[in-house]
Amino acid sequence: MTTLSAEREIEHLMTLHPKGFDLSLDRVTRLLERLGNPQDRLPPVIHIAGTNGKGSCAAFSRALLEAAGHLVHVHTSPHLVNWHERYRLAAEGGGKLVDDDVFAEAIARVAEANQGQKITVFEILTAVTFVLFSEHPAEAAIIEVGLGGRFDATNVIKRPAVSVIMPISMDHEAYLGDRVELIAAEKAGIMKRGCPVVIGAQESETALQVLIETAERLDCPTFVYGQDFLAFEENGRMVYQDEDGLMDLPLPRLPGRHQYANAAAAIAAVKAAGFEIGHRAAERAMTHVAWPARMQKLTQGKLVDLAPKGADIWLDGGHNPGAGIVIAEALAEQEEKNPRPLVLISGMINTKDQTGYFSAFKGLARHVYTVPVSNSDAGVPNDELALRAEEAGLSAEPVSSVASALMLLRDSWDGPAPRILIGGSLYFAGAVLAENGTPPT
């Protein structure tokens, strides 16, 4: 496989700069000044923070705007297979992942402007986002926060068209705090005085209170899920409701009831950002939205070919207890419609609550195969991960790879074709898509 020139540029940066996060805005602000402050020359920005659902909200927002005929840039993180996935540039007929030569040139230019100063690779790549998005025409930019909010490198945007806070739960405690209200305060840091705020469905009343109080203090027009807008299923359709009335829409293409609230947050955000979304555009968005490795059905590929004949295979990168709950609910919904034995193939990294994630599947999953996460040095050893699954009350065994788990299943399976969930980490999900030969496009 040919190494792309942008990847070579990033590998070189990795050798020069420390790995990981350093939560502060000083270095990225200094670098952006040297680049002429491209973050101040963006089209209207939809800025999205939260623990779970950020990516889905970005995908729905993009689908809505593109269905209404708008040119849209999208920045998301992390990527699954290639770095290019983080940068989708506006194009007629739908945004395209950045071309390798354009990406490589922007990285080189930003690295040169940094003049060897201390910085993290994520900060350089965030500056690349602003350079690319300011130099290519678009009518909107959707920018997902990397980690937290207040000190995330994306938080140099002075006046977003709307700030969106998706569901908050415990995650990244080492960086953001060990109580949900502390995490909520960090995420609320993307709110800017007087700029509209959309608050997605919150599991925690405490988190919701922190978000509402922050928005009030900053005089932000605020739209709260369950108060100012909501979505629900009725007669096999999704109904979106806000002060403007009802929209009767098809169920979102992304499976799981949790996606109704994610879709609703995106509709509210796009409207709060000043865009009109007609009924026809909203219908098209629900049926065309795509977001890889979030309850993605795998129907073809090298790994799929190894599974038991007729198996129903799903891939999801959710990796914390909150994500475990919504994935388990989505699978329980599948079980109601079409009963099949559920088997998990799981790989996780050591910064996550593995037992908390597995607990969501108690009583639902028949067995767990645990595998190493080959592309992360933080991967939990497969034997240790099996113990975490057993602590959550599941039957588990370690195996060497996803391919091994699928072949073991195929050779030993007797009975109706199983439903298989492959997941537990976005790194892991990315490795699976690469090995399957179906990377995001």
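The values are calculated or read from the model by the stated rules, or taken from the named source; none is laboratory data. Note that the structure is a prediction, hence the values are computed from the model and not measured. Reconstructed Cβ throughout: ideal geometry from the backbone, glycine too, with neighbour counts over all protein chains shown.
Points to keep in mind about this one:
- Count - residues of the range 90-109 that are in contact with a Lys or Arg (Cβ under 9 Å, 6 or more places away or on another chain) and in a helix (DSSP H, G or I): 1
- Qualifying positions in the range 371-386 - buried (at least 17 other Cβ atoms within 10 Å of the Cβ) and either out of contact with any Lys or Arg (no Cβ under 8 Å at 6 or more places or on another chain) or not assigned by TED's automatic domain parsing to the domain that holds Ala323 (or both): Val371, Pro372, Val373, Ser376, Gly379, Asn382, Leu385, Ala386
- All strands (runs of 3 or more DSSP E) inside the range 345-441 with 1 or more residues being of a type in the set (Lys, Arg) and farther than 29 Å from Tyr87 by Cβ: 365-370, 419-423
- Selection from the range 110-132 of residues that are buried (at least 21 other Cβ atoms within 10 Å of the Cβ) and outside any helix (DSSP H, G or I): Ile119
- Selection from the range 318-337 of residues that are in contact (Cβ under 8 Å) with a residue 40 or more places away in the chain and over 22 Å from Ser56 (Cα atoms): Glu335
- Of all residues in the range 136-158, those that are closer than 20 Å to Ala106 by Cβ and touching a residue at least 12 places away in the same chain (Cβ under 8 Å) have Cβ atoms under 6 Å from Cβ atoms of residues that are of a type in the set (S, T, N, Q) and part of a loop (DSSP other than H, G, I, E, B), 6 or more apart or on another chain, in Ile143/Thr154; Glu144/Thr76; Gly146/Ser77.
- Take the conditions (1) more than 30 Å from Leu89 (Cα to Cα); (2) without any contact (Cβ under 8 Å) to a residue 60 or more places away in the chain; Ala403 misses just one of them, which is (2).
- Restricting attention to the range 195-235, the residues that are modelled with pLDDT under 95 and either among the aromatic types (Phe, Trp, Tyr) or on the phi > 0 side of the Ramachandran plot (or both) add up to 0.
- Qualifying residue in the range 328-340 (condition: outside any helix (DSSP H, G or I), modelled with pLDDT of 90 or more and under 24 Å from Leu433 (Cα atoms)): yes
- Answer from Pro321, Pro308 - the residue that is more than 27 Å from Leu408 (Cα to Cα), assigned by TED's automatic domain parsing to the domain that holds Leu426 and surrounded by fewer than 23 Cβ atoms within 10 Å (Cβ to Cβ): Pro321
- Helices (runs of 4 or more DSSP H) fully within the range 143-252 counting 1 or more residues that are in contact with a Ser or Thr (Cβ under 6 Å, 6 or more places away or on another chain) and charged (D, E, K, R): 180-187
- The set of residues in the range 271-295 that are crowded, with 19+ Cβ neighbours inside 10 Å and either free of Cβ contacts under 8 Å to residues at least 40 places away in the same chain or among the charged types (D, E, K, R) (or both) comprises Lys271, Arg294.
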